[in-house]
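The values are calculated or read from the model by the stated rules, or taken from the named source; none is laboratory data. Remember, it's a predicted structure, so these values are computed and weren't measured experimentally. Note that we place each Cβ from the backbone using ideal geometry, even for glycine, and neighbour counts take in every protein chain shown.
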Amino acid sequence: MTAEHQRLQDHLDLKVNWKKWGPYLSERSWGTVREDYSPYGSAWEYFPHDHARSKAYRWGEDGIAGISDRNQYICFALSLWNHNDPILKERMFGLAGPEGNHGEDVKEYYYYLDATPTHSYLKMLYKYPQAAFPYADLVAENRRRGFNDFEYELLDTGVFENQRYFDVFVEYAKADTDDILIRITAHNRGPEAALLDLLPTIWFRNTWSWGYDAGPMDDVPGRPVLKKMSDSGGGAVVHLFHPAAGDYYLFADTLSEDGQPRLLFTDNETNTERLFGRPNGSVYVKDGLHRHVIGGEPNAVNPAGEGTKAAVWYSCQVPAQGSCSLRLRLANSTLASPFADFDSCFDRRLAEADAFYAAIQRDVGPEQTAIQRQALAGMIWSKQFYYYNVEQWLHGDPEQKDLPASRTSGRNHDWEHLNNFDIVSMPDKWEYPWYAAWDLAFHAIPLALVDAEFAKRQLNLMGREWYMHPNGALPAYEWQFGDTNPPVHAWGAWRVYKIDAKQQGRADTHFLEGILHKLLMNFTWWVNKKDDDGRNVFQGGFLGLDNISIFDRSAPLPTGGHIDQSDGTAWMGFYSLILLKISLELATTDPVYQDTASKFFEHFLRIAQAMAGAYRGGMSLWNEEDGFFYDTLHMPDGSMTPLKVRSLVGLMPILAVETLEHDLVESLPVFKRRMNWFFENRVYLRDQGHLACVKSPGKNARRLLSIINRERLVRVLQPMLDEKEFLSPYGIRSISKLHLDQPYTLSVDGLSHTIGYQPAESTSGLFGGNSNWRGPVWFPINYLLIESLQKYHHFYGDSLKVECPTGSGQMMDLGEVATELSRRLIKLFLRDGSGDRPMYGGNRQFQDDPHWREYVFFNEYFHGDNGAGLGAGHQTGWTGLVAKLIQQSGGWNEKTKS
């Protein structure tokens, strides 16, 4: 067992709280729903970036390369100034949703380079220009551009020309659970010496300004304080006292022989005078460091050396091609020689991180090893302290006066039970600094590779009564908790359960049983709320695929009526089968779950029959002429129209597949008897030629449960594997390329609605305009398609082969097709024959520069033709699934990658 594995075990056994401190600081708290107290839910406008340096956050802090304790009582992050910027760089800058031509977008370059799951070692890189940061230029130019234009990026402004920037590496190493070593190294990549001020900053989350005696959670009985201490060793020491967290000490080493670093103190309180023209409640306010360092205001910081926010101010003249390095240490006890073992501790923790990943990556090739480790680092760095009490938020704090009455009937008013105070995996800590339930299920898969217990905890959270709605709905995301996302939570739980069992050599049935009971409530909510006519054909609405439909499926249709959704119905078939598998697994040790398994067996058959053939007067979602599944539009006059868009919506039925092992069925007599009863007594469910016949055994006498029979599967795979339609060099597109020249148009009541192939960013503002499901490649659905093909292969074996790519004459079994899709997805991040990574497109700085080319972004989605990364740049979340793809195809020969 490696040292890091032992730390994980000690944490699990409640011996040592190794995860007390971690990378839990958000990268953006401004512009979030939690901080929005406006009348009409205009979060971006209510709390813009310009307010962030001056206004205290109510619900959580943010910073650059930061850490906090799990309750976020104490925060630490890096602040910088290049002697040209108009403001102190305390947080990442980006465009608000209304400012970007494709929605919100961070305009910085930073990379998560390394991390262990107990955060015993963390490393991050931030690239800081030496010229004045072009805040106004980025806003103005992106606002000028339209949906069809490229985004105006930081590199486009010219601030990185001639290598005039700093590479700032921030590393953390834990000597113990409450003893954290911090190393900050700034490299000047430019041709001339340059000034750089580094201000490692420590502060308390504000719990005292809201009118409560002991904070909003009644857990902080008093006001915390930071105080300057003397240090005879030439460095600087800050003493922290927090009523709930206790005493800590921040030790700051000298930079050189120039003497002791300067300590600056202020308070984490709102500058009401600057923002609202009202007198400040505190002499020293949140933007005091900015005003003192850049504005030269001597009275902006507290000369008494105390406050609730402090920074250690280092001013460095960094030589051309040279560097400077800082050493700090945060501990819960005084240390006589805080830096005596500093370097050796860092060396030890890095060596332990290497050993940990070496144990995980035994079968992974060298280039893929680096990609996988960065992906997993991103997953770990994307943990965030998430605090949101909807009841308090709706009604306000005692100190808040005259809140608009519209709030009590506005956003999330029907989720007053929701009270979150946890460490949660984020999709992206800048662009999406809030959890999304369906993203989280995918996050859990790569997280399980390094920390299955954390992955299980994440999945369990969503089912807790302070998350899940009393009616059984899972919270979608803070912008609208009631939105409907694909029901993938059961799948995530099942996959993590299996990964964990393989790792540990034993199955955690307590986890599986506990989460099943929550999932039963959620399944019932789906059945009761999303099947309009009781025909087992589901609507669902949004379903996570944003703009994939010709209509906004979250809103009432402009035509009236409703849509029977191919993906909504397929998702429910998928959901039923996963719950069937979970029930059968539990039934092996507790026979009572055979009844539950029978319930989901019947549910699946009814959903499959309704989808694959006309049922109770409906229209089949299968189109025999086209060999494809389509949504059906139901008009108010009773007419029905298939929406013939070739998109992922029509491929979703492939996902609804499972195999039943012969020996398992034989060992469960109650389930077997009821299954056979269905065969004998429900002929209309059994003998439909369009369903896979569960009675016919396949490879090793397995049984197949699938919405699609063999003939239809082959027909659907034909366009899916056609490079002129869905199959791109880098995975399956979200809409067929056929619609590039043949867009689909529906005319209703004199209005035309059109959808076409858009391989890059969205060309509309639908769902904020910052994502696009009309052509690009998305990892989550590609991953599920790969897994489903493996299941079909598990049943059909070599007896079923298809052309891949379509028209190539090359025949593959479905296991080989799954491997080919995995290869194409992994290829996004690997250098091709010309040395380029497809995901960086034509950006030569990323492709060629030795200080950029080794680092990888894990984008939200990828160009449908050339593979260029698009959308959120740090959405390691579900794109982190590449780590699992690499793991399960570890024997793949990298020489064949092109």
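Condition test on Glu666, is it without any contact (Cβ under 8 Å) to a residue 12 or more places away in the chain, surrounded by fewer than 17 Cβ atoms within 10 Å (Cβ to Cβ) and closer than 30 Å to Gln758 by Cβ?
Criteria not met by Glu666.
Please go through the stretch 706-733 and pick out each residue that is over 18 Å from Asp626 (Cα atoms) and at pLDDT below 95.
Of everything in the stretch 706-733, just one residue is over 18 Å from Asp626 (Cα atoms) and at pLDDT below 95, namely Ser706.
In this structure, does Gly514 turn out to be of a type outside the set (Val, Ile, Thr), surrounded by fewer than 22 Cβ atoms within 10 Å (Cβ to Cβ) and closer than 30 Å to Ala358 by Cβ?
No; evaluated as a whole, the condition is false for this residue.
Only one residue in His290, His239 is under 26 Å from Gln400 (Cβ atoms), in contact with a strand residue (DSSP E or B) (Cβ under 9 Å, 6 or more places away or on another chain), of a type outside the set (A, V, I, L, M, F, W, C) and not in a loop (DSSP other than H, G, I, E, B). Which one?
His290
Just for strands (runs of 3 or more DSSP E) wholly inside the stretch 58-123: which have at least 3 residues that are among the aliphatic types (A, V, I, L, M)?
The strands (runs of 3 or more DSSP E) meeting that bar are 64-69, 74-81.
Among (1) among the hydrophobic types (A, V, I, L, M, F, W, C); (2) over 30 Å from Pro243 (Cα atoms); (3) surrounded by fewer than 20 Cβ atoms within 10 Å (Cβ to Cβ), there is one condition Phe339 misses while meeting the rest; what is its number?
Evaluating Phe339 over (1) among the hydrophobic types (A, V, I, L, M, F, W, C); (2) over 30 Å from Pro243 (Cα atoms); (3) surrounded by fewer than 20 Cβ atoms within 10 Å (Cβ to Cβ) leaves (2) as the failure.
For the stretch 202-209, state whether one or more residues are farther than 20 Å from Pro129 by Cβ, polar (S, T, N, Q), assigned by TED's automatic domain parsing to the domain that holds Lys309 and surrounded by 20 or more Cβ atoms within 10 Å (Cβ to Cβ).
Within the stretch 202-209 (the criterion being farther than 20 Å from Pro129 by Cβ, polar (S, T, N, Q), assigned by TED's automatic domain parsing to the domain that holds Lys309 and surrounded by 20 or more Cβ atoms within 10 Å (Cβ to Cβ)), the answer is yes, since at least one residue qualifies.
Provide a single number: the residues in the stretch 352-373 that are polar (S, T, N, Q) and in contact with an Asp or Glu (Cβ under 8 Å, 6 or more places away or on another chain). Spell out how you get there, then give the answer.
Let us first name the residues in the stretch 352-373 that are polar (S, T, N, Q), namely 361, 368-369, 372.
Restricting the remaining residues to those that are in contact with an Asp or Glu (Cβ under 8 Å, 6 or more places away or on another chain) gives 368.
The qualifying residues number 1.
Taking Leu226 as the residue in question, decide whether it is over 33 Å from the mean Cα position of the chain (by Cα), at pLDDT 95 or above, crowded, with 19+ Cβ neighbours inside 10 Å and part of a strand (DSSP E or B).
Yes, satisfied.
Limited to the stretch 1-32, what total is found for residues that are touching an Asp or Glu at 6+ places or on another chain (Cβ under 6 Å) and in a helix (DSSP H, G or I)?
Total satisfying the criteria: 3.
Would you say Trp393 is hydrophobic (A, V, I, L, M, F, W, C) and in contact with a strand residue (DSSP E or B) (Cβ under 6 Å, 6 or more places away or on another chain)?
When the stated conditions are applied, Trp393 does not pass them.
Tell me, yes or no, whether the stretch 489-500 has at least one residue that is surrounded by fewer than 18 Cβ atoms within 10 Å (Cβ to Cβ), on the phi < 0 side of the Ramachandran plot and either at pLDDT 95 or above or assigned by TED's automatic domain parsing to the domain that holds Phe779 (or both).
Yes, the stretch 489-500 has at least one match.
Please work out which one of (1) at positive phi; (2) at pLDDT below 95; (3) of a type outside the set (A, V, I, L, M) is the condition Ser409 fails and give its number.
(1)
Could you tell me whether any residue of the stretch 437-450 is in contact with a Ser or Thr (Cβ under 8 Å, 6 or more places away or on another chain) and surrounded by fewer than 18 Cβ atoms within 10 Å (Cβ to Cβ)?
Looking for residues that are in contact with a Ser or Thr (Cβ under 8 Å, 6 or more places away or on another chain) and surrounded by fewer than 18 Cβ atoms within 10 Å (Cβ to Cβ), one finds none in the stretch 437-450, hence no.
Say whether the condition of being more than 24 Å from Pro780 (Cα to Cα), within 26 Å of the chain's Cα centre (by Cα), crowded, with 17+ Cβ neighbours inside 10 Å and not polar (S, T, N, Q) is met by at least one residue in the stretch 841-848.
The answer is yes; a qualifying residue exists.
Evaluate the following for Gly835: is it assigned to a loop (DSSP other than H, G, I, E, B) and at positive phi?
yes
Select from the stretch 293-330 the residues that are among the polar types (S, T, N, Q) and part of a loop (DSSP other than H, G, I, E, B) and list them in ascending order.
Listed by number, the residues that qualify are Asn302, Thr308, Gln321.
Considering every residue within the stretch 803-821, establish whether at least one is polar (S, T, N, Q), within 23 Å of Ala656 (Cβ to Cβ) and at pLDDT 95 or above.
There is at least one residue in the stretch 803-821 that is polar (S, T, N, Q), within 23 Å of Ala656 (Cβ to Cβ) and at pLDDT 95 or above.
List the residue pairs whose Cβ atoms are under 7 Å apart, where the first residue sits in the stretch 413-442 and is under 20 Å from Ala493 (Cβ atoms), the second is small (Gly, Ala, Ser) and surrounded by fewer than 22 Cβ atoms within 10 Å (Cβ to Cβ), and the two are 6 or more positions apart or on different chains.
Correct list of pairs: Ala436/Ala476; Ala437/Ala476.
Can you confirm whether Phe166 is at pLDDT 95 or above, crowded, with 18+ Cβ neighbours inside 10 Å and part of a loop (DSSP other than H, G, I, E, B)?
no
Any residue that is in a helix (DSSP H, G or I) and modelled with pLDDT of 95 or more - is there at least one of those in the stretch 759-778?
Checking the stretch 759-778: not a single residue is in a helix (DSSP H, G or I) and modelled with pLDDT of 95 or more.
Could you identify the single residue in Asp631, Asp637 that is surrounded by 21 or more Cβ atoms within 10 Å (Cβ to Cβ), assigned by TED's automatic domain parsing to the domain that holds Pro697 and of a type in the set (Asp, Glu)?
Testing whether each residue is surrounded by 21 or more Cβ atoms within 10 Å (Cβ to Cβ), assigned by TED's automatic domain parsing to the domain that holds Pro697 and of a type in the set (Asp, Glu) leaves just Asp631.
Checking the conditions here, which among Ala173, Ala186 is in contact with a helix residue (DSSP H, G or I) (Cβ under 8 Å, 6 or more places away or on another chain), under 30 Å from Ala336 (Cα atoms) and in a strand (DSSP E or B)?
Ala173
When the residues of the stretch 679-705 are narrowed to those that are of a type in the set (A, V, I, L, M) and more than 19 Å from Leu621 (Cα to Cα), which ends up modelled with the highest pLDDT?
Here the residue is Leu704.
What are the residue pairs meeting all of these: first residue in the stretch 1-28, first residue at negative phi and without any contact (Cβ under 8 Å) to a residue 40 or more places away in the chain, second residue assigned to a loop (DSSP other than H, G, I, E, B) and surrounded by fewer than 22 Cβ atoms within 10 Å (Cβ to Cβ), Cβ atoms under 6 Å, and 6 or more apart or on different chains?
Asp10/Val16
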